[in-house]
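The structure appears right after this line, and notes come after that.
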Amino acid sequence: MFHWLEKNPFFFAVGVFLVIAYAGIVTVLPDFMESARPLKGTKPYTVLQLAGRHVYIKDSCNACHSQMIRPFKSETDRYGKYSMSGEYAYDRPFLWGSKRTGPDLMRVGNYRTTNWHEIHMYKPSSMVPGSIMPSYKHMFTNTADIETAYAEAYTVKSVFNVPYDEEDMPKLGTWEEAQKTAIAEAQLIVDDMKDPQVKEAFARGEIKEIVAIIAYLNSLQ
Amino acid sequence: MQSSNVINYDYTIAKYFAIATIVFGIIGMSVGVLIAFQMAFPELNNLAGEYGTFGRLRPLHTDAVAFGFTLSGIWATWYYVGQRVLKVSLAESPFLMFMAKLHFWLYIVGVAAVVVSLLMGITTSKEYAEFEWPIDIAIVLVWVIWGIGLFGLIGIRREKTLYISIWYYIAAFLGVAMLYLFNNMEVPTYFVAGMGKWYHSVSMYAGSNDAMVQWWYGHNAVAFVFTVPIIAMIYYFLPKESGQPVFSYKLSLLSFWGLMFVYLWAGGHHLLYSTVPDWVQTMGSLFSIILILPSWGSAINMLLTMKGEWGQIKENPLIKFYVLASTFYMLSTIEGPIQAIKSVNALAHFTDWIPGHVHDGTLGWVGFMIIGALFHMAPRMYKREIYSKKLIEIQFWIQTTGIVFYFTSMWIAGITQGMMWRATDQYGNLAYSFIDTVTVLHPYYTLRAVGGALYLLGVFMWAYNMYKTMTASKAIEFEPQNASPMAA
Amino acid sequence: MDMETIRELQAYGYAFFTVFLAVILYAYIYHLYKSEKNGRRDYEKYARMALDDEITDSPVEKIEPEYQEKDKEERLNELAK
């Protein structure tokens with residue numbers, strides 16, 4: 001029987017496939033059926049925060065920063081409460097990262113301000129002497145893509161039943177409404193910022209990437 | 001089909017892929033050296049505006065070496081080894097030849113699209129699966145075409161039993177196909193919402209589930225790109241170059257099934273102390289340790305193949321590459337399980353020890369094996385002897401030094417960082433701020449970058465030697481049975 | 001099907017297949033050595049496939065119609081044992 005398998009490529013391939021697929025079937029597959037339950041109080045991202053999250057992904061911030069506080073005293077002392085599964089229920093994709101070249105950002109919104117981020121993103125070493133983080137000046141000139149962020153929010157709402165527009169949850173509404181909400185939200189951030197060009201652009205109706213990513217980072221709590 | 005005495009093996013496609021291997025190797029590793037220097041000297045991030053920052057280049061480095069250099073190397077050897085151990089020539093089937101060419105060119109288009117999109121910042125953020133859905137579709141297509149070529153060639157073979165290398169190529173094909181499909185399940189947002197960027201998509205899985213699928217993929221992409229097909233190579237090239245049959249063919253078969261079964265369970269070790277279920281973590285940890293058995297089964301089998309023939313290691317630089325490759329395979333397959341033990345992982349996770357471990361495997365095992373394999377193929381493909389033996393010797397020692405610099409500095413850096421993160425003063429407060437743990441690493445980052453640069457230098461020497469072999473070396477009359485001919 | 005049942009099935013599936021595959025693996029080891037010992041098949045000869053790989057070399061085992069017939073018989077014999 002064994003030798004027969006070794007000479008019949010088709011059945012051999014089927015055999016190999018069964019053996020390698022088996023681990024996935026047992027460990028990963030069952031959990032697909034159980035969609036991760038959000039913690040009470042965990043909310044999906046607003047459109048502006050989602051646009052900021054896209055900036056975070058675009059520049060691969062997750063290559064150097066984790067968003068996963070492990071349950072050790074040394075980590076909770078440094079970064080805050082350890083992470084819970086439900087807190088990630090609306091994270092598509094997850095951004096846990098695999099390397100901490102820089103510190104964890106899971107709860108960075110609790111201890112950094114808009115103003116701090118603005119200066120830090122422009123020139124990290126001015127806030128943290130010795131920092132090896134690159135400066136992200138282009139975030140001050142690139143415009144955030146609110147449209148794609150809305151498209152994503154709309155998609156997860158209609159395909160995965162993410163509870164936008166429900167009681168106590170962020171409003172999504174139509175594209176026109178979402179734009180208004182995003183601008184109102186951005187206004188609060190821009191008011192706290194100093195950069196004249198970002199303010200000028202905002203007056204013209206453009207939301208720069210830096211505004212969106214700060215909205216996202218502030219939402220990480 | 002019957003007149004086999006006038007048919008020759010057709011290496012056209014193997015040559016294409018060999019050149020692609022060299023080109024992508026240079027690109028991917030140059031980017032790697034650049035980002036290594038960026039970590040020591042952050043001003044280097046400003047060379048090309050937003051396109052030159054570490055964040056943009058890091059995925060480009062990993063994907064260019066994994067899916068550019070390594071995949072090309074795998075396919076170069078497949079289109080060479082496949083024909084030979086099945087005893088059938090690609091030239092015998094115009095259809096398979098056409099598929100092979102299509103495979104190559106579609107793949108090149110795919111890689112070009114990857115390079116451009118990653119520089120633009122178009123990424124899904126999932127490690128080693130950063131590509132957005134249009135590229136995913138192209139990759140699936142390339143994979144299916146390779147599959148048709150793979151099973152097609154097996155279908156017209158003269159050798160009844162499949163050699164162990166073929167087993168591993170089949171496994172690589174199946175494994176990557178399964179993993180890639182499931183990890184890249186995503187919904188293109190444009191088609192649902194009718195607005196936004198057309199290439200943008202959102203993952204089907206959220207949070208902890210997404211993490212679990214990603215590391216089931218991420219870990220096993222390592223298995224089926226960096227391990228399985230490389231074992232396929234060593235099972236062919238080491239015996240062929242040395243003239244020694246595999247020490248124990250039975251052991252090679254057993255290790256195969258062991259590896260196939262055990263590898264897939266170990267993905268959980270990337271998620272220790274995270275929010276995925278505890279039993280998944282424990283399972284990942286446990287199976288990582290079991291994984292030593294089949295891994296060492298293959299590696300020891302390779303070393304024992306050289307039993308009584310160790311003199312060759314002095315005479316033949318290619319044997320040096322193969323033997324060191326299997327040694328590094330042993331090193332990284334013992335290092336990995338150690339890091340997967342929960343208490344060790346608590347210290348090592350998120351630190352530089354992890355990239356250190358990865359590079360033990362990729363530089364030492366994958367890189368050396370591919371370099372050695374292409375050197376072996378060159379005289380047979382181009383009917384010329386290798387241009388310079390001396391250059392290979394120098395290259396070998398430069399690259400080995402580079403790897404030693406790399407992993408020693410990363411071991412020290414990783415453990416230093418891990419210890420400093422958890423260090424407390426006498427009152428139980430954290431002893432160091434985060435930036436202290438970054439600045440302390442500067443010398444190690446510098447040393448690592450130098451190590452990487454040495455390895456890259458070796459790659460350039462390899463490229464030069466290969467180029468000269470193709471164009472300017474002395475022609476040979478007939479193909480050598482074993483040891484590759486090389487000019488001093 | 002609720003999560004509880006799925007988890008239970010998962011546990012049974014895991015336990016059953018692990019035992020099943022372990023048995024297969026040991027049966028395979030037994031098969032490899034047994035068939036070599038009683039001279040039915042020498043697995044080590046397949047290692048020659050990498051060494052004698054010229055297109056003009058004769059295959060370790062040729063693909064021929066009558067050969068396949070013989071193999072089929074052998075398979076039946078093997079099953080009968």
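All of the numbers you see were taken from the coordinates with simple rules; none came from a lab. These numbers come from a predicted model, not from an experiment. Here Cβ is always computed from backbone atoms with ideal geometry, including for glycine, and neighbour counts include all displayed protein chains.
Comparing Cα centroids, the range B:442-471 and the range B:288-312 end up 27 angstrom apart.
Once you have a ≥ b ≥ c as the square roots of the Cα gyration tensor eigenvalues for the range A:47-219, tell me rounded if a/c is under 1.5, and otherwise prolate or oblate according to whether a/b is larger than b/c. Oblate.
Calculate the dipole size of the range B:350-488 relative to its Cα centre from +1 charges on Lys and Arg beta carbons and -1 charges on Asp and Glu beta carbons; express the result in debye to the nearest 20.
Details: 9 positive and 8 negative charges, 116 e Å.
Using only the charged Cβ atoms, the result is roughly 560 debye.
Note on B:Thr424 and A:Met127: the model spin-label points, each 7 Å out from Cα along the C-beta direction, lie 2.9 nm apart. For A:Lys194 and B:Phe191, the FRET efficiency from 1/(1 + (r/R0)^6), where r spans their Cβ atoms and R0 equals 35 Å, is about 0.30.
On a C-alpha basis, how far is the centre of the range B:82-107 from the centre of the range B:123-159 in Å? Whole number, if you could? Measuring centre to centre over Cα atoms gives 15 Å.
Ranked by the mean number of other Cβ atoms within 10 Å of their residues, highest first, the peptides B:179-186, B:62-69, A:110-117 fall in the order B:62-69, B:179-186, A:110-117. Rounded to the nearest 20, the size of the Cβ-charge dipole of chain A about its Cα centre is 740 debye, with Lys and Arg at +1 and Asp and Glu at -1. For B:Tyr467 and B:Ile338, the FRET efficiency from 1/(1 + (r/R0)^6), where r spans their Cβ atoms and R0 equals 45 Å, is about 0.65. Annotation for the range B:258-342: chymotrypsin sites (Phe, Trp or Tyr not before Pro) lying in DSSP loop with at most 14 further Cβ atoms inside 10 Å of their Cβ are B:Trp310. A prolate overall shape is assigned to the range B:385-454, the ratio a/c of its alpha-carbon gyration tensor axes (a ≥ b ≥ c) being 1.5 or greater and a/b exceeding b/c. Taking label positions 7 Å along the Cα-Cβ direction at both A:Val159 and C:Glu36, the computed distance is 5.3 nm, reported to one decimal.
Among the listed pairs B:Lys390/C:Lys45; B:Lys101/B:Lys314; B:Lys240/B:Lys390, give every one whose C-alpha distance is greater than 31 Å.
Values: B:Lys390/C:Lys45 36 Å; B:Lys101/B:Lys314 39 Å; B:Lys240/B:Lys390 22 Å.
Beyond 31 Å: B:Lys390/C:Lys45; B:Lys101/B:Lys314.
From least to most packed, judged by other beta carbons within 10 angstrom and beginning with the fewest, B:Asp10, A:Asp165, C:Asp2 follow the order C:Asp2, A:Asp165, B:Asp10.
With a 10 Å cut-off around each Cβ of B:273-286, the average count of Cβ atoms from other chains is 4.
Here are some pairs, A:Lys123/A:Lys194; A:Lys43/A:Lys123; A:Lys58/B:Lys126; B:Lys87/C:Lys34; which of them have Cα atoms lying more than 21 Å apart in this structure?
Pairs exceeding 21 Å: A:Lys43/A:Lys123; B:Lys87/C:Lys34.
Comparing B:Tyr128, B:Val114, B:Phe396 along the charge dipole axis of the protein assembly as shown, the residue lying farthest to the positive side is B:Phe396, per the Cβ-charge model.
Projecting label points 7 angstrom from Cα along Cα→Cβ for B:Glu477 and C:Met3 puts them 7.6 nm apart.
Which of the DSSP-defined H helices in chain A satisfy a minimum axial length of 18 Å, computed from C-alpha atoms, and a minimum mean Kyte-Doolittle hydropathy of 0.5? Before the final figure, lay out the partial values.
Details: long enough: A:9-27 (28 Å, 2.20); A:146-160 (20 Å, 0.36); A:175-191 (24 Å, -0.14).
Those that pass (Cα extent of 18 Å or more, hydropathy at least 0.5) are A:9-27.
Between rounded, prolate and oblate, where does the protein assembly as shown land on the alpha carbon gyration tensor, with a ≥ b ≥ c its root eigenvalues, rounded for a/c under 1.5, else prolate if a/b exceeds b/c? Prolate.
When +1 charges are put on Lys and Arg Cβ atoms and -1 charges on Asp and Glu Cβ atoms, the dipole computed for the protein assembly as shown relative to its Cα centre reaches about 1620 debye.
So how much slack lies between B:Met120 and B:Trp279, counting 0.36 nm per residue of separation and subtracting their Cα-Cα distance, in nm?
Values: separation 159, 0.36 × 159 = 57.24 nm, distance 3.95 nm.
Roughly 53.3 nm would be gained on extension.
On a 0 to 90° scale, report how tilted helix B:133-155 is relative to the longest principal axis of chain B, with both axes built from alpha carbons and the result rounded to the nearest 10. That works out to roughly 30 degrees. Ranked by the mean number of other Cβ atoms within 10 Å of their residues, highest first, the peptides B:15-28, B:414-427, B:458-471 come out as B:15-28, B:458-471, B:414-427. Relative to the longest principal axis of the Cα atoms of chain B, the long axis of helix B:317-340 lies at roughly 30 degrees. Counting Cβ atoms of other protein chains within 10 Å of each Cβ in A:70-77 and taking the mean gives 5.
Note on the range A:119-221: dipole from Cβ charges, positive end direction compared against A:Ser131, A:Val156, A:Thr143; the farthest Cα belongs to A:Ser131.
Dipole of chain B computed with +1 at Lys/Arg Cβ and -1 at Asp/Glu Cβ about the Cα centre; of B:Pro94, B:Leu447, B:Ala340, farthest Cα towards the positive end is B:Pro94. What percentage of all Cα-Cα pairs in chain B are separated by more than 45 Å? The share of Cα pairs beyond 45 Å in chain B comes to 11 percent.
The C:Ala22 and B:Trp296 beta-carbon pair, evaluated with R₀ = 22 Å, returns a calculated FRET efficiency of approximately 0.70. Note on the range A:146-221 and the range B:1-76: Cα centroid distance 39 Å, given to the nearest whole angstrom. Axis angle, to the nearest 10 degrees, between helix B:228-242 and the longest C-alpha principal axis of chain B: 40 degrees.
Evaluate peptide B:413-423: per residue, the Cβ atoms of other protein chains within 10 Å of its Cβ; return the mean as an integer.
2
Based on DSSP H segments of at least four residues, each scored -39500 (n - 2.57), the protein assembly as shown has a per-residue ellipticity at 222 nm of -20500 deg cm²/dmol.
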